[in-house]
Amino acid sequence: MKITIYTLFPKMFDGFLTNSIIKRAISKKVVQIKIVNIRDYTKDKYGRVDTPPVSGGAGLIMKCQPIVDAIKNNNGYKILLSPRGKTFNEDKAKALAKKKEIALICGHYEGVDERVNKYVDELVSIGDYVLTGGEIASMAIADSVIRLLKGAITNTSLDNESFNDNLLEYPQYTEPYNYKGAKVPDVLYSGNHKVIDRYNRKMQLKLTKKYRPDLFRKIKLSKEDLRLLNEDEYTKLELAAIKKGKKYIPH
Ligand code: SAM
């Protein structure tokens, strides 16, 4: 896969590209990442890439020409990072990981001339907050996409990860057994993989119910899931609502 990131601040990517899993994915040729400085494309005689908005007001807006010229020969799927875009999530990461090439275009300052929008395939946001620029957003997207690519990390690490089938991951433990009074659940030492899988599934359901009720509502609970939840504290009312196919509202 090829990822091209368009930015006014290429140096911000130095650490991202030269550490950990991303560094290894690049050296294993799982992904090719190119950082393009939008400034190199300006035709402004003073080298400007941004100016105040025509209506007046605070801040600088990135101009059309340098961005459009920078991306015009890129045949990949083009994403403009923008707080206005659809919120990024794991499903989107999976969809992007199937593409051969993507382009991530980073706005900065007060944003980007509105007319750039028609040169991109999609606007994407990484959440309901405003960053100083699209660079961190582009790193977040690239990172989550790259780790899904074959060869970036071992595939077993991806199984049961958070957000697969709307479930959060089950808790993981390391040695020692007893850390300042907090013990690893005994079942994890049982060596019985069926029992451990059942326990982990139960924990996934419970944690999702507790931390992400919005996701929990989307899960198609099997009879076994209901039984696992019922084993502990699942209330009769909740169970009855689910059995009748009614919307379950966790408290
Ligand atoms: N004035 C804009 C507004 O109110 O929507 C915010 C501009 S922001 C300071 C500058 C750039 O950062 C944006 O053009 C975009 O590329 C990027 N950015 C900021 N927040 C973002 C978010 N939540 N998701 C993705 N990109 C973001």
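Filtered by the rule that a residue be surrounded by 15 or more Cβ atoms within 10 Å (Cβ to Cβ) and out of contact with any strand residue (DSSP E or B) (no Cβ under 6 Å at 6 or more places or on another chain), region 34-47 gives Asn37, Arg39, Tyr41, Thr42.
Residue pairs whose Cβ atoms lie under 9 Å apart, sitting 6 or more positions apart in sequence or on different chains, and linking a residue in region 7-24 that is on the phi < 0 side of the Ramachandran plot to a partner that is open to solvent by 40 Å² or more (accessible area, probe 1.4 Å) and assigned to a loop (DSSP other than H, G, I, E, B), are Leu8/Tyr109; Ile21/Arg147; Ile22/Arg147. The residues on offer are Lys28, Lys98, Lys23, Lys118, and the sole one that is open to solvent by 20 Å² or more (accessible area, probe 1.4 Å) and in contact with a Gly (Cβ under 8 Å, 6 or more places away or on another chain) is Lys28.
Yes or no, residue by residue, for (1) free of Cβ contacts under 8 Å to residues at least 12 places away in the same chain; (2) charged (D, E, K, R); (3) farther than 25 Å from Ile22 by Cα:
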{"site": "Glu135", "(1), (2), (3)": "no, yes, no"}
{"site": "Ile146", "(1), (2), (3)": "no, no, no"}
{"site": "Asn164", "(1), (2), (3)": "no, no, no"}
{"site": "Leu168", "(1), (2), (3)": "no, no, no"}
{"site": "Gln172", "(1), (2), (3)": "yes, no, no"}
{"site": "Tyr179", "(1), (2), (3)": "yes, no, yes"}
{"site": "Val187", "(1), (2), (3)": "no, no, yes"}
{"site": "Ser190", "(1), (2), (3)": "yes, no, yes"}
{"site": "Met203", "(1), (2), (3)": "no, no, yes"}
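Tell me, which residue of region 112-121 that is aliphatic (A, V, I, L, M) and more than 6 Å from the ligand (Cβ to nearest atom) is farthest from the chain's Cα centre (by Cα)? The qualifying residue farthest from the chain's Cα centre (by Cα) is Val116. Restricted to region 51-75, and to residues that are assigned to a loop (DSSP other than H, G, I, E, B), of a type in the set (A, V, I, L, M) and out of contact with any Asp or Glu (no Cβ under 6 Å at 6 or more places or on another chain), which residue is most open to solvent (accessible area, probe 1.4 Å)? Among those that are assigned to a loop (DSSP other than H, G, I, E, B), of a type in the set (A, V, I, L, M) and out of contact with any Asp or Glu (no Cβ under 6 Å at 6 or more places or on another chain), it is Val54. Tyr109 satisfies every condition listed in (1) within 16 Å of the ligand (Cβ to nearest atom); (2) of a type outside the set (D, E, K, R); (3) open to solvent by less than 70 Å² (accessible area, probe 1.4 Å); (4) farther than 21 Å from Asn74 by Cα except (3). For region 135-156, the criterion of being at pLDDT below 95, under 20 Å from the mean Cα position of the chain (by Cα), more than 11 Å from the ligand (Cβ to nearest atom) and assigned to a helix (DSSP H, G or I) is met by at least one residue. On the stretch given as region 122-172, residues that are within 26 Å of Phe216 (Cβ to Cβ), of a type in the set (A, V, I, L, M) and loosely packed, with under 15 Cβ neighbours inside 10 Å total 1.
The values are calculated or read from the model by the stated rules, or taken from the named source; none is laboratory data. Quick caveat, the model's predicted, so the values are computed rather than measured. Neighbour counts are summed over all protein chains in view; Cβ atoms, including those assigned to glycine, are modelled from backbone coordinates with ideal geometry. Surface areas here come from the heavy atoms of the whole protein model, side chains and all, with no ligands, DNA or RNA. Shrake-Rupley method; radii C 1.70, N 1.55, O 1.52, S 1.80 Å.
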